[in-house]
Every structure is written in structure tokens, then in C-alpha cells.
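Structure, as C-alpha cells:
The values are calculated or read from the model by the stated rules, or taken from the named source; none is laboratory data. Here the structure is a predicted model, which means the values were calculated and not measured. Using ideal geometry, Cβ is built from the backbone for each residue, glycine included, and neighbour counts are taken over all protein chains shown. Calculation scope for accessible area: heavy atoms of the full protein, side chains included, ligands and nucleic acids excluded. Shrake-Rupley method; radii C 1.70, N 1.55, O 1.52, S 1.80 Å.
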Amino acid sequence: MIKRTNHPTTQLVLCLLCSCVTNTLLSFDNAHFYRAPYFFPEPRLECPGLLTVQATLAHGTSDTSYGTDHLTTPLLDLYGSYNMPALARGLPNLDPTNPYDLALIALEQLPSQPPFGTLSFDGSFSITEGTILLTQNFNCGFFAQAHLPIRRLSITSIRTTDLTPEQGFLNASTPEWQTFLLLFPEIMQRYEIDLGAIERKGVGDLTILGGWTINYDQTEWLDFIDATIQLGFLFPTGKKSDPNKLFDLPLGYNGHHALAGNFAGAVGLFEWLTVGVDARMLIFGRKTKTMRVQTSPDQSGLIKLAKIKVDLKPGSILQTGIFFKADHACRGVSALIGYSYTRQGVSSAKPAQNPCCYNMNTINDDPQLRGWDQHTLHLALELDLTKECSRAGVRFGLFYNHLMRGTKVFKTNIIGGDVGIDATLTF
């Protein structure tokens, strides 16, 4: 094993060589409900002047979700199937002289008998995204980092299935239900809801972090002990979703700023094994925005007729994980296996207008605001082409992120590759 040193003469030429012991080129991005999260980087190498430029390209598709009960479900039923008789329940300003509102009122007044009046929505999700990560070391272990994702998201092949039974007191032939189905497109148009396919492409949210790292190898039993802490901000540079497009997705966190914090730690064993842990968090700020809200706890699914301004604070996102890495096991090739748990906490909303018309508890009981979680398996291979005594080097990586289990998330596995260049700059 190569020992790392703080001697200024040798540090410059050994810095990149030592980085193959410390750092794996892994993808970095913030977590989202629509795909498996990326694995986290190992602790940063403490090397004054070290500049790392990393680019990643990844892809994933899905036609299923993990629903509210951890079970797989059609893609767009992640918050439950759609209870149409409850659609107008609690909705203010219904007009009984309007034929579309009248169809909603007639359906709502029927006795509750699930799964009567229940629809299921399915579709196909696709994501292709690249990331750019720049990291610059300074003196005394301090460094700065900037990260920007670029995404293309789409939901296509949207299909609707009527789950109403053919038999029973209320069934698929019930006149009120047939009238509703006949007028359903016009009802959606009246409430400015577009059920069509969506495609979004552009940059996501920019993250800028400052960090401090330490590499310690004066140990008797361990090869080394490394630790890195980071703190910074996420800026909402990504496009926001359109509340009138039912299945639309934001390219970032929908206009919210966030405080970002990361910690990574690792130890070296047997001159080839690295064991590490990681924890990272995003804490979002409040924002007044227009969004769809539910008006009855009986409602389910994504369709909500009420659209109001709310003061929204998204739940914080926490990701923790552990990994085991065979470091340079064969001719510069390293292999890694890891596990991470990711969770977004409960979001809170309150009406910013007409508070007398809406129940705050009902709004916040919406499963869409109650958070989500993911259990993910991470696999990675890396080829390090850094030459001995070189002041610049390149690394290539392949990775696969497999979503093992979750709640209210798309079941999207991600496969991709990355390339990184390290170079030392003199300050």
C-alpha cells in the first residue's frame, strides 16, 4: 500500500497516486422520488491544489411504482388509485347548473361502495440525465464544490383502467358513473387539468458546497482513517412543474431553496479494503406557490380539482449509507457494493388565500405531502488510469443503482457511467 504524506515536496507528485487509495469516482446527485438515488462519494483527498472535474451520464425507465403500502403498483397510482366519487367532496363553489359540476355532484351523492368509481392510471417513465461536478482543493483540508444536473424526464403511454366491478348494487353500468365517464375529458378541461404525456428537459438545481477533509494514516491497525464534512446551499435553477399538467415533474425541487449538509467517513483495511459510511441532508425553505390540494380525506390519486396558493415547506431529505470497496484489486480496477436508505419527511402546507374555504388538516393529510422512502443497492466498477508520479490522471466508472423497496416512489433503476479528471494546481 502507498502511504500518504504531508511533506510538501512529495505531496504534489504523490497526491493523485494516493487518490486511488482514497477516492472512488462515483456519481453525485440529490435524491428524487422518481428514480433510485446515486451513490455518494468517498471522503475527499486532502491535497492542496487538487482539482477534480467529473461528468456522468445515466439512464433509467419504469412502468411501476412502490405505492403507499410498499407494494408495486401501476406507475401513476403511487398515491393510490383514483376515487372519482370523492373528487368533488369538499370542493367550494360547485355550480349545479353546470352539466359538468352536476355530473360530479350526482356521482358524489351515491353511497360509498369501493371500488365503485375507481380509476387506475398507468404510464411509462423515462429519465436520461448527466451531471457536472467540479471540486477544487485549497490549503489546510478546505475545498469547494459545485454540482449541476442536466435532465430529460418524460411520462408517456398514459393509460386509464376502470376498476369498477361489473356486478353489484353500484357497478360499471350505473348511469351516474357512465355519465361521469362520458363527460370526464370536459370535466378535466373545466378545471384546467391536462392528462396528457409530459416531457421536461433542462438543468436541475445548482448545489454549491464548501468542505473540510482530513486523511490520517498514522495508525497501528488500520491503513487510514478519512473524514469529510460539507455545508452549502441548493439554488432552484431547475424548471418548476405546471400545476395544470397532472403528471408534470419539476427538474429540481420545484423552486425551493435548501440548506445542504454532507458527511463521509472511511477506513482502510488489509491494504485493499475500504469500508465507508455517508450521511447527507437537504433542509428546504418555505415558499408561497400555486398547487393542487385535496378537499376531502376520501380523495386519492393525483387528480385534485382545487387549485390555490399555499405556503409550502417540503420535508427534509435524508440519505444514509454504507459501502465496501475492493480498492485496485486488479490492474487499477476497483469494485464497490453499497446500500443506502433515503427518506423525505412530511411536508407542511397552509392556505395563503381563502383560508375559510379549505381545511388545513385535510390538505396536509394528502399522501403526496406525507413523504417517501427508498432502499437502494449500489454496484460500481472503476478503472483508474493514473500514472505513478503523474500530476494529472483520468478515471472511468460504471454503476448500477437498484431500487429494492420503497414507498410512494417510481421503481426506476439507474445504470450509467462517469469519467473524471484529476489535476494538481499550485497555489
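Quick notes on this one:
- Segment 320-365, residues that are within 20 Å of GLY67 (Cα to Cα) and touching a Phe, Trp or Tyr at 6+ places or on another chain (Cβ under 8 Å): SER340, ARG343, GLN344
- Criterion violated by PRO96 - all others in (1) touching a residue at least 24 places away in the same chain (Cβ under 8 Å); (2) assigned to a loop (DSSP other than H, G, I, E, B); (3) farther than 29 Å from TYR34 by Cα; (4) touching a helix residue (DSSP H, G or I) at 6+ places or on another chain (Cβ under 8 Å) satisfied: (1)
- Residues that are assigned to a strand (DSSP E or B) and over 22 Å from the mean Cα position of the chain (by Cα), drawn from segment 256-275: GLY265, ALA266, VAL267, GLY268, LEU269, LEU273, THR274, VAL275
- Leading residue by the ranking (farthest from ASP101 (Cα to Cα)) among those in segment 201-211 that are open to solvent by 40 Å² or more (accessible area, probe 1.4 Å) and of a type in the set (Val, Ile, Thr): ILE208
- Output for segment 259-295, where each listed residue is in contact (Cβ under 8 Å) with a residue 40 or more places away in the chain, of a type in the set (A, V, I, L, M) and farther than 30 Å from THR156 by Cβ: ALA260, ALA264, ALA266, VAL267, LEU269, LEU273, VAL275, VAL277, ALA279
- Some residue of segment 91-114 being surrounded by 18 or more Cβ atoms within 10 Å (Cβ to Cβ), within 19 Å of the chain's Cα centre (by Cα), modelled with pLDDT under 95 and not small (Gly, Ala, Ser): no
- Check on ASP327, surrounded by 18 or more Cβ atoms within 10 Å (Cβ to Cβ), among the acidic types (Asp, Glu) and either at pLDDT below 95 or over 25 Å from the mean Cα position of the chain (by Cα) (or both): yes
- Selected residue (criterion: farthest from SER126 (Cα to Cα)) from residues of segment 142-169 that are hydrophobic (A, V, I, L, M, F, W, C) and out of contact with any Leu (no Cβ under 6 Å at 6 or more places or on another chain): PHE169
- If you go through segment 127-184 and keep only what is free of Cβ contacts under 8 Å to residues at least 12 places away in the same chain and of a type outside the set (A, V, I, L, M, F, W, C), you end up with GLU166, GLN167, SER173, PRO175, GLN178.
- Residue within segment 188-200 that is open to solvent by less than 50 Å² (accessible area, probe 1.4 Å) and closer than 26 Å to LEU134 by Cα present: yes
- Breaking point among (1) open to solvent by less than 30 Å² (accessible area, probe 1.4 Å); (2) at pLDDT 95 or above, for VAL310: (2)
Per-residue answers, yes or no, for (1) of a type in the set (Val, Ile, Thr); (2) in a helix (DSSP H, G or I); (3) modelled with pLDDT under 55:
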residue	(1), (2), (3)
SER19	no, yes, yes
THR24	yes, no, yes
ASP29	no, no, no
TYR34	no, no, no
PHE39	no, no, no
CYS47	no, no, no
THR52	yes, no, no
GLY60	no, no, no
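- Members of segment 366-404 that are more than 30 Å from PRO314 (Cα to Cα) and not in a strand (DSSP E or B): LEU385, THR386, LYS387, GLU388, CYS389, SER390, ARG391
- Of everything in segment 285-295 that is in a strand (DSSP E or B) and of a type outside the set (S, T, N, Q), the residue that is least open to solvent (accessible area, probe 1.4 Å) is VAL293.
- The set of residues from segment 141-178 being of a type in the set (Val, Ile, Thr) and more than 36 Å from the chain's Cα centre (by Cα) comprises just one member, THR174.
- Residues (of a type outside the set (Val, Ile, Thr), modelled with pLDDT of 95 or more and buried (at least 23 other Cβ atoms within 10 Å of the Cβ)) located in segment 381-410: PHE399, ASN401, GLY406, LYS408, PHE410
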